[in-house]
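We did not get these values from a lab; they are worked out from the coordinates using the rules stated. Note that the structure is predicted; figures quoted are calculated from it, not measured.
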Amino acid sequence: MSMRGARSMTSLLLLLALGVLVAPAATEAQRAGQVHRIGVLVGGLDAGPWFPHFRAGLRYVEGNDLLIEYRFSEGKADRLPQLAADLVRLKADVIVAVFATPARAAHQTTRSVPIVGIGVGDPVGIGLAASLARPGGNVTGTASYLPELGGKPLELLKEMIPNLKRVAVLWNPSNPTHAPLLKDVEPAARSLAVQLQPLPALNPEDLEGAFRRAARDAAAVWVLGDAMFVGHRARIAALLGRLERAEETQ
């Protein structure tokens, strides 16, 4: 699915959760003055570059009939349960959880408030949904990973770098999708004669050390999808640039 398609789908899912998709005029008049509250739970520093498009897809006027409550864990996964509980106490009509770890924290906090998960990896594998076709429960959203497609990034890297031997994989141990993904891609790595070098980064403070380890051996770095990594994307880009310059001087 394209990024534009994913944004449109996410906006549609949220509208469905709020129960206001193409409401007739009589219903709109009946709801005049009703204020809806959206809780946004993020594991990083911000909601990511896609969020302005997400807001543009809503059919409400923020500050008039819509309030958006943001909660950011700033890369600290252990803060997510408390932040999710805050949104429940605020009586959010729906919680938008960005990536798998916040979605799981929200799901563990409430089974009644609708949750829209953005890019939650494998929602069935991490227990957020019974199936993709019929999720059940209070969670819906967009999946960003299917086990059978796990090796595709490695195939693309191998096409770009035919003599590729080692790939560093930046992953977050608190993300429930990452450990299964690393296991799933092992057969693809063996078939491509590529050795994986896992680089765990649980907190933002771990990023610099992870990239120092990558600089010793890896010819490429695969950054797995994670809210903490998105929030620190500028820092990760700078570390990647430093790694590239180090390789050029060797």
Extension gain R55-K183, at 0.36 nm per residue separation less the Cα-Cα distance, in nm? 42.5 nm
Extension gain, S191 back to D217 (0.36 nm per residue minus Cα-Cα distance, nm): 7.4 nm
Work out how much length D86 to L132 would gain on full extension: take 0.36 nm times their residue separation and subtract the Cα-Cα distance, in nm to one decimal. 13.7 nm
Considering only C-alpha atoms, what is the centroid distance from the range 223-242 to the range 58-86, in Å? 22 Å
Among the lysines, select those whose C-alpha is under 26 Å from the C-alpha of K76, and discard any that sit fewer than 8 residues away in the same chain. K91, K183
